[in-house]
1. Which ones in region 96-116 are among the hydroxyl-bearing types (Ser, Thr, Tyr) and under 8 Å from the mean Cα position of the chain (by Cα)?
2. Looking at region 55-90, which of its residues are part of a helix (DSSP H, G or I) and farther than 22 Å from Leu151 by Cβ?
3. For residues in region 85-112 being open to solvent by 70 Å² or more (accessible area, probe 1.4 Å) and free of Cβ contacts under 8 Å to residues at least 40 places away in the same chain, which is nearest to Arg24 (Cα to Cα)?
4. If we keep just the residues of region 113-129 that are touching a residue at least 12 places away in the same chain (Cβ under 8 Å) and β-branched (Val, Ile, Thr), which is most open to solvent (accessible area, probe 1.4 Å)?
5. What is the residue count in region 139-154 for residues that are assigned to a helix (DSSP H, G or I) and either among the β-branched types (Val, Ile, Thr) or within 16 Å of Ala19 (Cα to Cα) (or both)?
6. Looking only at region 41-54, count every residue that is open to solvent by 50 Å² or more (accessible area, probe 1.4 Å) and outside any loop (DSSP other than H, G, I, E, B) and tell me the total.
7. Examine region 63-71 for a residue that is within 15 Å of the chain's Cα centre (by Cα) and either open to solvent by 70 Å² or more (accessible area, probe 1.4 Å) or modelled with pLDDT under 90 (or both), and state whether such a residue exists.
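The values are calculated or read from the model by the stated rules, or taken from the named source; none is laboratory data. In this text the structure is predicted, and so the values were computed from the model without any measurement. Neighbour counts run over all protein chains shown; Cβ positions are idealised from the backbone, glycine included. Note: areas computed on protein heavy atoms with side chains; ligands, DNA, RNA excluded. Shrake-Rupley method; radii C 1.70, N 1.55, O 1.52, S 1.80 Å.
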Amino acid sequence: MHQNNSSKFGILILLVFLAGGCLRFVNLSADPPTTVGLHFISDEGWWVHNARNKVLFDQWVMDEFNQSLLASPTFCMATYGVYSFAGVSYATSRVVPVISGLLCVLLLFGVLWKRSTDSSLLIAIGVFSLNFSFVTLNRTAYVDSTGLMFLMLCWWLLEKHLSRVWAPYL
């Protein structure tokens with residue numbers, strides 16, 4: 001399905017991915033847009049609470065509020081790793097969702113690679129990578145991007161191993 005102009009196509013895909021990365025990483029400590037509002041749980045601190053406690057006070061649990069540790073331990077542990085390496089700040093709180101969002105784009109590329117043409121793949125990756133709502137979600141310290149990354153990983157694994165007997169059990 002893919003044409004022979006692979007270097008031109010590769011450059012375009014790389015540019016879309018880099019543009020998506022720039023939208024996510026540039027000025028990462030800025031306030032979220034006002035579109036993330038009343039209808040959404042809008043306190044990012046809830047999701048990084050336990051990781052922050054572990055880095056600053058060397059205790060995972062200091063009070064009865066353990067939402068991040070109980071509801072999303074993978075996100076909590078990854079955030080703890082980032083905090084341990086780069087310190088506690090708004091920007092470092094958002095690194096895990098940003099990386100998760102970029103991995104979602106790469107995984108979608110992997111899923112669609114065999115089943116689409118160059119132009120449809122470029123459009124799909126462009127829309128997914130540059131979508132305002134998805135970029136906004138990736139730029140906030142919520143667990144949703146990490147959860148979606150694991151769903152996309154399952155989809156990619158299913159597509160990659162579809163011909164195997166055990167694939168439907170993934």
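1. Of the residues in region 96-116, the ones among the hydroxyl-bearing types (Ser, Thr, Tyr) are 100, 116.
Within region 96-116, just Ser100 meets the criteria.
2. The initial filter retains those residues of region 55-90 that are part of a helix (DSSP H, G or I), namely 55-57, 67-71, 73-86, 90.
Listed by number, the residues that qualify are Val55, Leu56, Phe57, Tyr80, Tyr83, Ser84, Phe85, Ala86, Tyr90.
3. Ile99
4. Only one residue tops the list, namely Thr117.
5. Restricting attention to region 139-154, the residues satisfying the condition of being assigned to a helix (DSSP H, G or I) are 144-154.
Filter once more, keeping what is either among the β-branched types (Val, Ile, Thr) or within 16 Å of Ala19 (Cα to Cα) (or both): 146.
Qualifying residue count, region 139-154: 1.
6. The initial filter retains those residues of region 41-54 that are open to solvent by 50 Å² or more (accessible area, probe 1.4 Å), namely 41-43, 46, 52.
This time we only want the ones that are outside any loop (DSSP other than H, G, I, E, B), so: 46, 52.
Number of matching residues: 2.
7. So in region 63-71, the residues within 15 Å of the chain's Cα centre (by Cα) come out as none.
So far as region 63-71 goes, no, none of its residues is within 15 Å of the chain's Cα centre (by Cα) and either open to solvent by 70 Å² or more (accessible area, probe 1.4 Å) or modelled with pLDDT under 90 (or both).
Every residue, every condition in (1) of a type outside the set (Ser, Thr, Tyr); (2) more than 28 Å from Val16 (Cβ to Cβ); (3) modelled with pLDDT under 95; (4) touching a Pro at 6+ places or on another chain (Cβ under 8 Å), yes or no:
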{"residue": "Val48", "(1), (2), (3), (4)": "yes, yes, yes, no"}
{"residue": "Trp60", "(1), (2), (3), (4)": "yes, yes, yes, no"}
{"residue": "Pro73", "(1), (2), (3), (4)": "yes, yes, yes, no"}
{"residue": "Ala91", "(1), (2), (3), (4)": "yes, no, yes, no"}
{"residue": "Leu137", "(1), (2), (3), (4)": "yes, no, yes, yes"}
